[in-house]
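Engineer: Let me begin by handing over the structure; questions about it come next.
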Amino acid sequence: MRQFIKTVSAALVLGGTLVGVAQAEGEFSGNVALTSDYVFRGFTQTDGAPTIQGGFDYADDSGFYVGTWASGVDFSDGTSTEIDIYGGWTPTVGAFDLDIGAIYYIYPDAPDDPAQNFLEVYAGAGTTLGETVDVGGSIAYSPDYYYETGATIYYAAYAGVPLGESFGVDASVGFLSFLDDDDCMDCDYVDYSIGLTTEFEGFGFDFRFIGSDGDGVDGLDGDGGPAGERFVATISRSM
């Protein structure tokens, strides 16, 4: 599940822009990454193992974009692949860069019941304070979240600052709220991350500490389990 916080951290804007917009408007772009652990909203999607990820995007001069992104996953039911399809619009209003769109998460080899595919619509805004501090926030709504757990809202916020010409540090926090309490009692939780990013010879490097208080969700173990604290390293390349 490609998340806002994950993509924001890498580019210090909210998903490349909020959800992986093309590097240059009016052009196609691509990206590929190798990560030590694919973590979505505080939960590992690969059982703590490395995986390869990548995608393609197109953005036009008016700020509209479409794209797709894929990753390996490792769920206990045998699901091994995630494919995301998204589209949106990135206007600028005053000092704020906005991102409004929708994303559909697809698990092509997942069991049919309960359904794992789900849709989210999102909106976010980012700006720069002073000349160096990037800040922003986003909200995403799903009418029926992963595993048919009902309607959810995910709130996210981030801040990032450069360290010299080659490095940057950022922090993000998110809150997932399950609106259908009858289907998911006491499932709401917070996730967070702190990261160091840099570039070298055209490659991006991301070193990140991620955690959450979601260990109580369905009895998951927070001590190194699916929702446990962990360090994640990622190397990426944009084309």
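Just so it is clear, none of the values below were taken in a lab; they were calculated from the coordinates. As the structure is a computational prediction, the values presented were derived from the model and not from experiment. Neighbour counts run over all protein chains shown; Cβ positions are idealised from the backbone, glycine included.
Engineer: Within 12 Å, Cβ to Cβ, of Thr51, how many net charges do the neighbouring residues add up to if Lys/Arg are +1 and Asp/Glu are -1? Walk me through the numbers on the way to the answer.
Structural biologist: Values: positive: none; negative: Asp37, Asp47, Asp74, Glu82.
It works out to a net charge of -4.
Engineer: Can I ask one more? Would you mind ranking Arg230, Arg237, Arg208 by Cβ crowding within 10 Å, fewest neighbours first? Let's see the in-between values first.
Structural biologist: Working: Arg230 17, Arg237 14, Arg208 23.
Final ranking by Cβ density, sparse to dense: Arg237, Arg230, Arg208.
Engineer: Can I ask one more? Can you give the extra length, in nm with one decimal, that the chain gains between Asp60 and Leu163 once fully stretched, where that is 0.36 nm per residue apart less the Cα-Cα distance? Please list the in-between numbers first.
Structural biologist: On the way: separation 103, 0.36 × 103 = 37.08 nm, distance 3.15 nm.
Length difference between fully extended and current span is 33.9 nm.
Engineer: Now for a different question. Note down the magnitude of the dipole of the range 83-208 about its Cα centre, charges +1 on Lys and Arg C-beta and -1 on Asp and Glu C-beta and zero elsewhere, to the nearest 20 debye. Provide the component values of the computation, followed by the final result.
Structural biologist: Details: 1 positive and 23 negative charges, 106 e Å.
Here the range 83-208 has a charge dipole of around 520 debye.
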